[in-house]
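The values are calculated or read from the model by the stated rules, or taken from the named source; none is laboratory data. Keep in mind that what you see is a predicted model, and the values were worked out from it rather than measured. Note: ideal-geometry Cβ built from the backbone for every residue, glycine included; neighbour counts use all protein chains shown.
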Amino acid sequence: MSHPIRMNKLSCTLTLAAAFGAGSAHAAGPVQVGSYYTAWSTEQGFRLKQLDQAGVAARFTFLNYAFANLYKMPDDSYRCDSGRDIKDAADGAGMRATLDYAHHFGASESVDGSADGPSQPLAGNFNQLRQLKARHPKLKVMLAIGGAEWSRWFSAGAATAPLRRALVSSCIDMYIKGDLPLLNGHGGKGAAAGLFDGFDIDWEYPGVPLMAYNTISPADKRNFTLLLAEFRSQLNALGKKQRKKYYLTAAVNSGAKTTDATEPDKYSKSLDWINLMTYDFTGGWNKQGPTGFHSNLYADPGSPDTDKQSVHSGVQRFLKAGVPAKKLVIGVPFYARGWSGVPPARYGLYQSAAAPARGFEEGTEKYSTLAARKTPRFYHPVSKQLWTYDNGIFWTYDDPLVIKEKAAYVRDNRLGGMMSWALDQDDAEFSLSKAMLEAQ
């Protein structure tokens, strides 16, 4: 094992700057930098106003609003739907319509300082996004469909050409044309028109089961390509009528199993870029460890991870599959993965564990929470990621300087950019989001 560099708050900047080396020249061409803004972050106190006041919204090129869901209809079609609330559904049928467009923000909470009223067609998070776009017209706002828990009906809905046409048409009607169901006086035909600039398709995962309730088929490999082509076709047709460019992206896992279950060289032709989920290489689902890095830039030969996963290996996998470098947007996590009951050898790295560490979820903690602690931190010179270890607790995550190293990687390799999950997990100063801007 290479010797780690131990840091404290006073020596952190100097030590990491020397360890990482100087930055490189920016790559030519536009670079995408953005993040996911989750519906439920409103319940946790996050406000888009904060992103605007920090100056980050002015430089972000896109935001992905997470998530919309798909539903099976009485006529056996599959469609985007909204207009009600279904929280924490065990069968993947969740919906957060009130937060989307019927929640009322006060004047002190809103982007432009105006309070939501009972009679306006659009309120809630959607109206905050509209206000943010008004202040930053170049910011692309995309609607993300699916996610880890809401991908149940993708496979079934993509199974035939008529089903794909109906699914895509329903999503365009509801979110691009903005025809939202009435909810507590909000919504209606065209209520959200002009808000979303396109879709981010987050099917987790074609041909590979994630949730037990997900529909899945060997035909997913081809149907994923065809579904994206249908989205592209219908968005292009609408854009031609409106003389507007609509965007289409997809969030995809960077691992070998999920990549091999799809056709990156083919489906990438329908996309403006791919959001590579280059994180979650390990985590608390491996309850007894071994501990390790969950978003390391490079693989460590000394790691017990037999797959030797890394950001770099994921990027190389897609390049070899025929995806252009400028269509690859790498993902960075604004959260940590961790374990408890970890012995002190190697400062806890690559050790066994008793259980996942306690955080806002089992084995998961926000960067903002960990950044406020004075826990000893260590930098791995090969993997280019940090970890902390204290009293048997191990966390692996990115800090601003680690993200700047990844930004340099984007520039050096002329990639498409960087994205993050998720905005509300950053600190109050948006330190991680600002570090991502160095990819531009």
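Note down all Cβ pairs under 7 Å where the first residue falls in segment 105-124 and is more than 20 Å from PRO181 (Cα to Cα), the second is of a type in the set (Lys, Arg), and they're at least six residues apart or on different chains.
GLU109/ARG47; GLU109/LYS49; SER110/LYS49; VAL111/LYS49; VAL111/ARG135
Not in a helix (DSSP H, G or I) and not basic (Lys, Arg) - does that describe any residue in segment 402-411?
Residues of segment 402-411 that are not in a helix (DSSP H, G or I), as a first pass: none.
No, segment 402-411 has no match at all.
Return the total of residues in segment 295-318 being surrounded by 16 or more Cβ atoms within 10 Å (Cβ to Cβ) and either without any contact (Cβ under 8 Å) to a residue 12 or more places away in the chain or not polar (S, T, N, Q) (or both).
Adding up the residues that qualify gives 11.
Got at least one residue in segment 91-100 being touching a Pro at 6+ places or on another chain (Cβ under 9 Å), touching a residue at least 60 places away in the same chain (Cβ under 8 Å), buried (at least 19 other Cβ atoms within 10 Å of the Cβ) and not charged (D, E, K, R)? Walk me through it before giving the result.
Going through segment 91-100, the residues touching a Pro at 6+ places or on another chain (Cβ under 9 Å) turn out to be 97.
The next check asks that each one be touching a residue at least 60 places away in the same chain (Cβ under 8 Å); those that pass are 97.
Those still in the list that are buried (at least 19 other Cβ atoms within 10 Å of the Cβ) too: 97.
Still in the running and not charged (D, E, K, R): 97.
Checked against the condition, which is being touching a Pro at 6+ places or on another chain (Cβ under 9 Å), touching a residue at least 60 places away in the same chain (Cβ under 8 Å), buried (at least 19 other Cβ atoms within 10 Å of the Cβ) and not charged (D, E, K, R), segment 91-100 yields at least one hit.
Give the residue that is nearest to LYS245 (Cα to Cα), with candidates limited to residues of segment 192-219 that are of a type outside the set (A, V, I, L, M) and assigned to a strand (DSSP E or B).
Our first condition is that a residue be of a type outside the set (A, V, I, L, M); within segment 192-219, this holds for 194, 196-200, 202-207, 209, 213-215, 217-218.
This time we only want the ones that are assigned to a strand (DSSP E or B), so: 198-200, 202-203.
Values: GLY198: 9, PHE199: 12, ASP200: 15, ASP202: 21, TRP203: 23 Å.
Only one residue fits best here, namely GLY198.
Return the residues of segment 227-247 that are crowded, with 19+ Cβ neighbours inside 10 Å and within 16 Å of ASP265 (Cα to Cα); say none if nothing qualifies.
LEU227, LEU228, ARG232
Could you list, in sequence order, all residues of segment 212-251 that are of a type in the set (A, V, I, L, M) and out of contact with any Lys or Arg (no Cβ under 7 Å at 6 or more places or on another chain)?
First, pick out the residues of segment 212-251 that are of a type in the set (A, V, I, L, M): 212, 216, 219, 226-229, 235, 237-238, 248, 250-251.
Scanning segment 212-251 gives ALA212, ILE216, ALA219, LEU228, ALA229, LEU235, ALA237, LEU238, ALA250, ALA251.
In the set LEU432, LEU415, which member is part of a loop (DSSP other than H, G, I, E, B), at pLDDT 95 or above and under 20 Å from THR61 (Cα atoms)? Give the steps one after another, and end with the answer.
Values: LEU432 fails: part of a loop (DSSP other than H, G, I, E, B).
After ruling out the rest, the residue left standing is LEU415.
Counting just the residues of segment 375-422 that are hydroxyl-bearing (Ser, Thr, Tyr) and within 23 Å of TRP273 (Cβ to Cβ), which one comes out nearest to the chain's Cα centre (by Cα)? Steps first, answer last, please.
First pass over segment 375-422, keeping only residues hydroxyl-bearing (Ser, Thr, Tyr): 375, 379, 383, 388-389, 396-397, 409, 420.
Add one more test, that the residue is within 23 Å of TRP273 (Cβ to Cβ), and what stays is 409, 420.
On the way: TYR409: 19, SER420: 5 Å.
The qualifying residue nearest to the chain's Cα centre (by Cα) is SER420.
Can you pull out every residue in segment 338-361 that is under 20 Å from ALA372 (Cα atoms) and of a type in the set (A, V, I, L, M, F, W, C)? Walk me through how you get there before you give the answer.
Taking segment 338-361 and keeping what is under 20 Å from ALA372 (Cα atoms), we get 338-340, 357-361.
If the condition is that a residue be under 20 Å from ALA372 (Cα atoms) and of a type in the set (A, V, I, L, M, F, W, C), then TRP339, ALA357, PHE360 are the ones that fit.
Restricting to segment 346-365, give me the number of residues that are assigned to a loop (DSSP other than H, G, I, E, B), within 23 Å of the chain's Cα centre (by Cα) and surrounded by fewer than 21 Cβ atoms within 10 Å (Cβ to Cβ). Give the derivation first.
Looking only at segment 346-365, we keep the residues that are assigned to a loop (DSSP other than H, G, I, E, B), and these are 349-354, 357-360, 362-363.
Remaining after also requiring within 23 Å of the chain's Cα centre (by Cα): 357-360, 362-363.
So of that shortlist, the ones also surrounded by fewer than 21 Cβ atoms within 10 Å (Cβ to Cβ) come out as 358-360, 362.
Total meeting the criteria: 4.
Here is a list: SER420, SER368. Which entry is part of a helix (DSSP H, G or I) and within 19 Å of LEU437 (Cβ to Cβ)?
Details: SER420 fails: part of a helix (DSSP H, G or I).
Checking each option against the conditions leaves just SER368.
Which pairs do you get when a residue that is at pLDDT 95 or above, found in segment 68-83, comes within reach of a residue that is surrounded by fewer than 17 Cβ atoms within 10 Å (Cβ to Cβ) and assigned to a loop (DSSP other than H, G, I, E, B), reach meaning Cβ atoms under 6 angstrom, with the pair 6+ apart or on two chains?
Listed by first residue and then by second, the contacts come to ARG79/MET73.
Are there any pairs, at least 6 apart or on different chains, whose C-beta atoms fall under 7 Å, with the first in segment 271-294 and closer than 17 Å to GLU204 by Cβ and the second hydroxyl-bearing (Ser, Thr, Tyr) and assigned to a strand (DSSP E or B), and if so, which?
Between residues of segment 271-294 that are closer than 17 Å to GLU204 by Cβ and residues that are hydroxyl-bearing (Ser, Thr, Tyr) and assigned to a strand (DSSP E or B), the close pairs are LEU271/THR249; ILE274/THR249; ASN275/THR249; HIS294/THR396.
Identify all residues within segment 32-64 that are part of a loop (DSSP other than H, G, I, E, B) and either farther than 27 Å from ALA408 by Cβ or not β-branched (Val, Ile, Thr) (or both); write none if there are none. Spell out how you get there, then give the answer.
Step one: of segment 32-64, the residues part of a loop (DSSP other than H, G, I, E, B) are 45-47, 54-61.
Residues satisfying the conditions are GLY45, PHE46, ARG47, ALA54, GLY55, ALA57, ALA58, ARG59, PHE60.
What's the number of the condition VAL141 fails, among (1) surrounded by 24 or more Cβ atoms within 10 Å (Cβ to Cβ); (2) outside any helix (DSSP H, G or I); (3) hydrophobic (A, V, I, L, M, F, W, C)?
Unmet for VAL141, out of (1) surrounded by 24 or more Cβ atoms within 10 Å (Cβ to Cβ); (2) outside any helix (DSSP H, G or I); (3) hydrophobic (A, V, I, L, M, F, W, C): (1).
Take the residues in segment 55-89 that are of a type in the set (A, V, I, L, M) and under 21 Å from MET142 (Cα atoms); name whichever of them is surrounded by the fewest Cβ atoms within 10 Å (Cβ to Cβ). I'd like the intermediate steps shown before the answer.
Of segment 55-89, the ones of a type in the set (A, V, I, L, M) are 56-58, 63, 66, 68, 70, 73, 86, 89.
Cutting the leftovers down to under 21 Å from MET142 (Cα atoms) gives us 56-58, 63, 66, 68, 70.
Values: VAL56: 22, ALA57: 21, ALA58: 12, LEU63: 26, ALA66: 26, ALA68: 25, LEU70: 25.
For segment 55-89, the residue satisfying everything is ALA58.
Please go through segment 178-189 and give me each residue that is outside any strand (DSSP E or B) and touching a residue at least 60 places away in the same chain (Cβ under 8 Å), ordered by number. Break it down into steps so the answer makes sense when it comes.
As a first pass, look at segment 178-189 and keep what is outside any strand (DSSP E or B): 178-179, 184-185, 189.
Across segment 178-189, the qualifying residues are ASN184, GLY185.
So that you can scan it fast, the table gives a plain yes or no per residue for (1) closer than 25 Å to GLN32 by Cβ; (2) not aliphatic (A, V, I, L, M):
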residue	(1), (2)
PHE199	yes, yes
TRP203	yes, yes
VAL208	no, no
SER217	no, yes
THR225	yes, yes
PHE231	yes, yes
LYS240	yes, yes
LYS244	yes, yes
